[in-house]
Amino acid sequence: MKVYDVIVVGGGIIGTSSAYHLARRGHKVLVMDQVDIPNPQGSSDDHARVFKLTHGKDSFYTGLAAQTAPLWKALQQDSRAELFVQHGMLELVMDAGKYEKDCIKVLQDLKLPFQKLKPAEICERYRMLKKTGFKWGLYHSGGGMVFAKKAIEMFAQGVVKAGGKLEAGVRIVKIQKDKSGVVTGLKDSKGKVWKAGNYVFASGAWSKDVLSDFGIPFSMTKQECLYLRPPRNQGRYRPAHFPVMSLHKYGFHAFPVHIHGFMKVGSHKKGTLSRKAVTPLTPDKKFEKASRGFLRKFCSDLADFTDMEGRVYYYTRTPDEDFVLDKLPGLSNAWAAAAFAGNGPMFAPLIGKTISEMVSGEKPETNLHRFRIGRLKLSKKK
Ligand SMILES: Cc1cc2nc3c(=O)[nH]c(=O)nc-3n(C[C@H](O)[C@H](O)[C@H](O)COP(=O)(O)OP(=O)(O)OC[C@H]3O[C@@H](n4cnc5c(N)ncnc54)[C@H](O)[C@@H]3O)c2cc1C
C-alpha cells in the first residue's frame, strides 16, 4: 500500500531540503536515513559551510549562488532560525591572481558588488591579519556562511509539520522496479519494502552503492577540517569582525568563531580518493600542521591553538565536477540529487526547490543542462 507521495532516501541537507520543498507543495513525504536525521557521519553534519558568490570564471555557479541567497533569507524569515550569515568573504591573493581576476570579471558581468583591496586597506579593516604574505584581496559582501546542521533540523521539522515523516536507521539496499521503468518499492536491509508514488535519492557519499544499477561515475574524496578555539582575543574573530576568509591557491578557508567559541579551518583542495564512505574518520596530523602554517602566515594570533577538534567528511564528485540533478535513466518516477562536492549546503534551498518542481511535473526554473546524467559516461551493469 502506498502511504506516501514521495520517499526521499538520505536525510542530509539535500534530502531534507528536497523533502521540505516537496512537503510545502502538498506532497506527503517520508525521509529516511540509514543513521539519523541529521546524520553525524553525513557530509552535511557540520555547523557552518561557506556561502560564496565566487566560482572562478564559472558564471553559471555564480549566477546560481546569487539566486540562492534570497531563498536562504526567506527560509530564515519563515523559520525565525539563524541559518545564513551574509557578512562578507575575503579572498587573499598571493600569486598572479588568475582565479580571483576571473571571479571579478564574472561579478562585474553579473553586477554583483565586490571590492579589490590593497593589503593596507585589508589590515585596516581586519587588524588581526598580517600585512605581508599576500598581494591584494577580493572582498564580496554577498559571501558568508550557512548553518548546515541547523538548516537540516529546520527542514526536517517543516516536513513533520506538513504531515510527513522521518525514519532513522533504515538502510535501502535495493530499488525494485517493473518492466515499464516504474519504481515499485525500496527494499531495506531488513527486508521491508517501502512504497510511494515517487522516489528521490539524495544519498551523498553512499550514492555509488544505492544507485549502483545506473553506473553513474561518482567518486569520493576525504576532506578535512579543524575546529579551533582562538588562544587569545576571541572576540575579534566573531562574524561582526572577521569574514569568511579563503586562500584559493592552497584551498584553505577559515570561518569566524561560530559555535561554543570555536572557529573552523578547512581545505577545499582535492583530498585522497576513497572507494567507500567509511565513517567516522579523524584528520591527519599533516592537516593540522598545514592549517597552523596557513594561520601563521596570515593570522599568527591563531596559529598556536591547543584547543581543537578535527573532522573528516566526503566530497562526492563527478568527473566534470558538476552536480547530478536529474531523473534516473530508464525510470519514470525516481530522481537523483548527488555529487555536490564542496557546494551542497550553499545551494541547498535552490536544489530542494528544483527537485520539488521536477517531482511535481513542472519545468524547473533553474537551467539543469549541466546536471543531466546523460552528459556522463555510465559504466555498464555487471
Ligand atoms: C570538509 C568539507 C567541507 C565542505 N565545505 C563546504 C562549504 O564550505 N560550502 C558548501 O556549500 N559545501 C561544503 N562541503 C560540501 C557539503 O558538505 C556536501 O556537498 C553536502 O553536505 C552533501 O549533502 P548531501 O545531503 O548530498 O549528503 P549527506 O549530508 O552525506 O547526506 C546523505 C545521507 O544519505 C544517507 N544515506 C545514504 N545511503 C543511504 C541508504 N542506502 N539508505 C538510507 N540512507 C542513506 C546517509 O546516511 C546520509 O545521511 C564541504 C564538505 C566537506 C567534506
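A short reminder: the numbers here are calculations on the coordinates, not readings from a lab. The structure presented is a predicted model; accordingly, all values stated were derived computationally and were not measured. Backbone-built Cβ (ideal geometry, glycine too); neighbour counts: all protein chains shown.
Reported to two decimal places, what Rg/Rh ratio describes the range 1-97 when computed on Cα atoms with Rh from the Kirkwood expression? It would help to have the intermediate numbers written out before the result.
On the way: Rg = 17.0 Å, Rh = 16.1 Å.
Rg/Rh: 1.06.
Sequence neighbours fewer than 8 away in the same chain don't count; with that in mind, list the aspartates and glutamates whose C-alpha is under 16 Å from residue 98.
58
How much length is gained on full extension from residue 232 to residue 307, taking 0.36 nm per residue of separation minus their Cα-Cα distance? Don't jump to the answer; show the numbers that get you there.
Working: separation 75, 0.36 × 75 = 27.00 nm, distance 1.14 nm.
Contour length minus Cα-Cα distance gives 25.9 nm.
In angstroms, what radius of gyration and Dmax does the range 138-205 have, counting Cα atoms only?
17.4, 55
Check residue 8: other-chain or 5+ apart residues with amide H under 5 Å from its amide H, H built from backbone geometry?
Amide H to amide H, under 5 Å and 5 or more residues apart or across chains, residue 8 pairs with 30, 31, 32, 200.
Running a GNM on the chain with Cα contacts under 10 Å, which residue among 94, 32, 346 ends up with the highest mean-square fluctuation?
94
Of 150/270; 179/377; 187/285; 2/363; 105/269; 105/208, which sit over 30 Å apart, Cα to Cα?
On the way: 150/270 26 Å; 179/377 24 Å; 187/285 41 Å; 2/363 26 Å; 105/269 23 Å; 105/208 37 Å.
Among 150/270; 179/377; 187/285; 2/363; 105/269; 105/208, the Cα-Cα distance tops 30 Å for 187/285; 105/208.
Using a 7 Å offset from the Cα along the Cα-to-Cβ direction at both residue 192 and residue 269, what is the distance between the two label points in nm, to one decimal?
4.5 nm
Between 159, 278, 312, which gets the highest mean-square fluctuation from a Gaussian network model of the chain, Cα cutoff 10 Å?
Judging by the Gaussian network model, the answer is 278.
What distance in nm separates the two pseudo spin-label positions at residue 98 and residue 286, each 7 Å out from Cα along the beta-carbon direction?
Taking the two extended label points, one gets 2.5 nm.
Determine the sum of side-chain charges near residue 124: Lys and Arg each +1, Asp and Glu each -1, restricted to other residues whose C-beta is under 12 angstrom from that of residue 124.
Values: positive: 118, 125, 127, 131; negative: 121.
Summing Lys and Arg as +1 and Asp and Glu as -1 gives +3.
Beyond 19 Å, how much of the Cα-Cα pair distribution for the range 245-371 remains, as a whole percent? Before the final figure, lay out the partial values.
Details: 4851 of 8001 pairs.
Beyond 19 Å sits 61 percent of the P(r) for the range 245-371.
What does the charge count near residue 135 come to, summing +1 for each Lys or Arg and -1 for each Asp or Glu among other residues with Cβ under 14 Å from its Cβ?
Numbers: positive: 98, 101, 116, 118, 130, 131, 249, 297; negative: 91, 95, 100, 121.
Value of the local net charge: +4.
Which value, in debye to the nearest 20, gives the size of the charge dipole of the chain about its Cα centre, when Lys and Arg are +1 and Asp and Glu are -1 at the Cβ?
Numbers: 62 positive and 35 negative charges, 135 e Å.
Computed about the Cα centre, the dipole is about 640 debye.
Once you keep just the Cα pairs under 8 angstrom separated by 6 or more residues, what percentage relative contact order results for the chain?
On the way: 849 pairs, mean separation 88.9, N = 382.
The normalised contact order for the chain reaches 23 percent.
Sorted from largest down, what three extents in whole angstroms do the Cα atoms of the chain have along their principal axes?
Cα spread of the chain along its principal axes, largest to smallest: 66, 43, 43 Å.
Starting from the Cα of residue 369, step 7 Å toward the Cβ, then list every residue of the range 303-337 with an amide N under 19 Å from that point.
The answer is 320-327.
Restricting to bridges with both residues inside the chain, how much of the DSSP beta-bridge set is antiparallel, in percent to the nearest 5?
Of the beta bridges lying entirely in the chain, close to 70 percent run antiparallel.
Tell me which aspartates and glutamates have Cα within less than 13 Å of residue 57's Cα, excluding those fewer than 8 residues away on the same chain?
100, 102, 109
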